[in-house]
Amino acid sequence: MAPLASNKVICLVNGRVHRVSGGDYLENLDPSLQTVIKRDYPQAHDHSFICNEHQVKFRLEVLDTLFHLDLQKNFTVNDQLNEELTKANFEIQDVEEQLEAQETLGERAADKVTEFVGSWAFIITYTTILIVWMFLNVTSLLGVVWDKYPFILLNLFLSVTAAMQAPLIMMSQNRASDHDRLSAKNDFLVNVKSDKGIAALHEKLDHLMMDDQASSMQIQKIQTEMLGDIQILLNEVYQQNQDIRERLDDVEDQLDDFEETLDNIEENTDDDDENDVVEQKNSKS
């Protein structure tokens, strides 16, 4: 095999001869690209030459690998997010609806009594009854005194009323305590579910900001290198076309010269024939 010129090298992939400007050595390529090339060509070394055409091919393989890895990472993060949300899939209950479904007639009556006792209507009504009671018994306006001073019957009535109100109020307070307990439990479950969901979303955002951003930068770098290789290939094709055109022009010039030479030869031949004819006529005469 004839030795190569100083500006000629052999491509590792197809063994063809290329100009040094038509590619690059393996040691100068991106590490990810080197990994793909060495995977397909274990005999490759740092000084192996790869032409631009095959660099584009290997860069496309790297892009496919990066897209596949990003897709797998996104699926993994989505699975983790769904798993966390599934684990935190607590049953959020409507406290009011649950208590209303369980309450009895006595509990509803206790709530109504407590609601009335804790209002201004009860205070005004109760005060009015006391004043009228004492006024009628002191003035004998009706002609009958059924509870003389110091109003022992009235005190008995007040004591009985207070004794009946106490358990009713306690029943209502127990129901309020149950309501608060269920509400607190419900709020806790909601907070746990929200916390897990927010943590999973943070993890997904971190993945998008760190991994995806780095992958996007790597992909943009590879795409830029591919565009550069394609531009070099186009320039080489353009240069080859220019060389072919120059050679065709040279061939056309050589053909023109050859045709001109043929014309001159034909003219000289015609002149020689005419001279021979003239000499023959002269000799006969």
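Annotations for the structure displayed:
- The criterion of being at pLDDT 85 or above, hydroxyl-bearing (Ser, Thr, Tyr) and either in a helix (DSSP H, G or I) or within 23 Å of Pro167 (Cα to Cα) (or both) does not hold for Thr76.
- Residue check, Asp187 at pLDDT 80 or above and under 30 Å from Leu81 (Cβ atoms): yes
- Any hit, segment 270-283, residues being of a type in the set (A, V, I, L, M, F, W, C), farther than 30 Å from Phe75 by Cβ and at pLDDT 75 or above: no
- Residues of segment 173-205 satisfying the condition of being surrounded by 11 or more Cβ atoms within 10 Å (Cβ to Cβ) and of a type in the set (Ser, Thr, Tyr): Ser183, Ser194
- Some residue of segment 155-172 being touching a Leu at 6+ places or on another chain (Cβ under 9 Å) and either open to solvent by 60 Å² or more (accessible area, probe 1.4 Å) or hydroxyl-bearing (Ser, Thr, Tyr) (or both): no
The values are calculated or read from the model by the stated rules, or taken from the named source; none is laboratory data. Quick caveat: nothing in here was measured; it's all calculated off a predicted structure. Glycine gets a Cβ as well: all are built from the backbone with ideal geometry, and neighbour counts include every protein chain shown. Quick note on the areas: whole protein, heavy atoms, side chains included, nothing else; ligands and nucleic acids left out. Shrake-Rupley method; radii C 1.70, N 1.55, O 1.52, S 1.80 Å.
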